[in-house]
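Heads up: the structure comes next, in structure tokens.
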Amino acid sequence: LDDHIFSCFTPAFLTACFSISAICSLIGLFTRPSLFIFGLFTIYVTGLNTSLGVFDHSYSLISQIVLILAFIPGSANISFDKIIKWLFKYKKGLNPPKSELLSSNKDKIWGVRLLLILLACVYFTAGFSKLRYGGVKWLDGKTLTHYLAGGASPYKYGYTPPMYLSSTK
């Protein structure tokens, strides 16, 4: 493909799309499409971080949850989209009940269970990764002591930089 087709995808344009989709996801405007776009962007940003050799399980969990929220029922229950739909019904003279704004009888439990399964899988893989790359040294408690004492904070004395699993170049 020609390079001029993709010339509109500048860093400023991508940053604007990311920001707009994040704000729309937060306030609930075009909820499902904005959650989907924001989820794709977060997966992309997480992939950039992973390409440097750092795999942070918490960031991958966040991006997967945002993407799942675009599809599960009930994720748009509290949103401007719902208020706008209610106002259109009200203007047409249908007199919808105000309780329709805060509740929905269409919610299914499978979305919550899917998120719990995802959370369990991420915690399992994080623990497995620690045992795989750190060995049984993770079981002695010194790692937790190191983090709680502030040794992982770059703003404190005794900072230990992260261990990269691949080349940092």
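The values are calculated or read from the model by the stated rules, or taken from the named source; none is laboratory data. From a predicted model like this one, the values you see are computed outputs, not experimental measurements. FYI the Cβ positions are ideal-geometry reconstructions off the backbone, even for glycines, and counts take in every protein chain you see. Protein only, heavy atoms only, side chains kept; ligands, DNA and RNA dropped before computing areas. Shrake-Rupley method; radii C 1.70, N 1.55, O 1.52, S 1.80 Å.
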Would you confirm whether any residue within region 96-106 is at pLDDT 80 or above and over 29 Å from Ile23 (Cβ atoms)? no
Of these, Phe124, Phe30, Phe88, which one is closer than 26 Å to Phe9 by Cα and either loosely packed, with under 13 Cβ neighbours inside 10 Å or modelled with pLDDT of 85 or more (or both)? Phe30
Can you name the condition, by its number, that Lys156 falls short on among (1) more than 22 Å from the chain's Cα centre (by Cα); (2) at pLDDT 75 or above; (3) surrounded by fewer than 11 Cβ atoms within 10 Å (Cβ to Cβ); (4) of a type outside the set (A, V, I, L, M)? (2)
Between a first residue in region 14-26 that is without any contact (Cβ under 8 Å) to a residue 24 or more places away in the chain and a second residue that is open to solvent by 60 Å² or more (accessible area, probe 1.4 Å) and in a helix (DSSP H, G or I), which pairs have beta carbons less than 6 Å apart while being 6 or more apart in sequence or on different chains? Ser21/Ile37
Pick out the one residue from Gly74, Gly111, Gly93 that is small (Gly, Ala, Ser), touching a Pro at 6+ places or on another chain (Cβ under 7 Å), modelled with pLDDT under 80 and more than 30 Å from Tyr133 (Cα to Cα). Gly111
